[in-house]
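The values are calculated or read from the model by the stated rules, or taken from the named source; none is laboratory data. This is a predicted model, so every value here is computed, not measured. Here the Cβ is made from the backbone with ideal geometry for all residues, glycine too, and neighbour counts use every protein chain on show. The accessibility values were calculated without ligands, DNA or RNA, using every heavy atom of the protein model including side chains. Shrake-Rupley method; radii C 1.70, N 1.55, O 1.52, S 1.80 Å.
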Amino acid sequence: MGSEGLEEETVEKILNGEGLEVTEYDWTPEEPKPVTLRSNVCYIVAAVIFNAKGEVLMVQEAKKDCYGQWYLPAGRMEPGESIEEAVQREVKEEAGVDCQPVTMLQVQESGPQWIRFTFLAEITGGSLKTRAEADSESLQAQWWDREAHLPLRAWDILTLIEAGLKYHQKPWFPVCLPTDLPCEVVCQRILLVFAPSDPDNEENVWLLLCNGSADSDAETHPHLPVSLAVKKHTVTWAGRRLLQECMVPCEALHVDISGILSVQHNGRVHGKTDGLCLNTLVTVEYIEGFPGDHQSPPPLENKRYKWHKVINQRLRTKILQRIKYNSLLPLYSLR
């Protein structure tokens, strides 16, 4: 099988919510250094859980700075945990119940140092923590109908609850749970698509591939580009910076980071596999009204990158459906 066919197999795996080992980075502003949980990176998990009445599970805070206020079960991931194990532990410690994650609802990031994963989950056992069982984790847990007055620790959870209700009633993206693959750094693999909106030209779908290494001019096997997030730069910033590096500047282009196809994380070996990779769908298109040829992909100014025209009809259809229906895990940058 030729390299082009192999790359299309790779793309289909990513579209299906699977992952790929991260072996190299195609844009990095500095020497890659492994991240270490609770040292130079912080992952937070939160759970949105509903009962049969549609009420949401809430916990009353025991921390001094928000004592007595209410919030979703949430907390920081501990070394050696997977993302799913972290949310199960937090729900058990704070609410007293066992849970099973159904899907991630959102990923929010504020630089590579702070990333929050919010899950829709369901109870599988245990009983709600009572006030008599109060400890340093929480004071108690209760169901909230979202109408009764409840002093909230922060209003940001309201959008998370709404997302959970929306998905619970009608899922708009496939189940997305973390893929168990180790990674040393926080990075973003980009599935960048150029697909003209011309209804008579549905076969014109292009993918951006990298054909070289960041530290060498030597040609490598064509692959989806990977950008590294460092210091205070967000993961999404790293992705946009990579695009700036490879494309000829053009004010007629609109770039949209549509959402996440899958999240890769392992975390078993503390200090060596604490990183993660966000496989992200990005689209680029010409802004309507600008003159010129809008059916060909934008010119590239870096010889390490190239456009690959998708020939496989099934793959092309799957890509266009993802774009059309925006069936992706939302990614929000808070900076």
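DSSP beta bridges fully contained in the chain are about 65 percent antiparallel.
Averaged per residue, the chain has 47 square angstrom of accessible surface, using a 1.4 angstrom probe with ligands and nucleic acids left out. Among the chymotrypsin sites (Phe, Trp or Tyr not before Pro) in the stretch 41-133, those placed in a DSSP loop whose Cβ has at most 14 other Cβ atoms within 10 Å are Tyr67. You can think of it this way: the chain between Val248 and Glu18 has 79.7 nm of extra reach, that is 0.36 nm per residue less the Cα-Cα gap.
Taking the stretch 41-79 and a reference point 7 angstrom along Cα→Cβ of Glu147, the backbone N atoms nearer than 14 Å belong to 53-56. Of the trypsin sites (Lys or Arg not before Pro) in the stretch 269-315, the ones in a loop by DSSP (not H, G, I, E or B) with at most 14 other beta carbons within 10 Å are Lys303. Need one word for the stretch 158-197: rounded, prolate or oblate. Basis is the Cα gyration tensor (sqrt eigenvalues a ≥ b ≥ c); a/c below 1.5 gives rounded, then a/b vs b/c decides. Oblate. Of the accessible area of the chain, computed with a 1.4 Å probe over protein heavy atoms only, carbon and sulfur atoms account for 49 percent. Each helix, a run of at least 4 DSSP H residues, gives -39500 (n - 2.57); summed and divided by the residues of the chain, these come to -6000 deg cm²/dmol at 222 nm. For the chain, the convex hull drawn through the C-alpha positions has a volume of 157 cubic angstrom per residue.
Modelled spin-label separation between Glu78 and His270, with each label point placed 7 Å from Cα along the Cα-to-Cβ direction: 1.0 nm. Name the residues of the stretch 124-152 whose amide N is less than 18 Å from a point 7 angstrom out from the Cα of Tyr332 along the C-beta direction? It comes to 152, nothing else.
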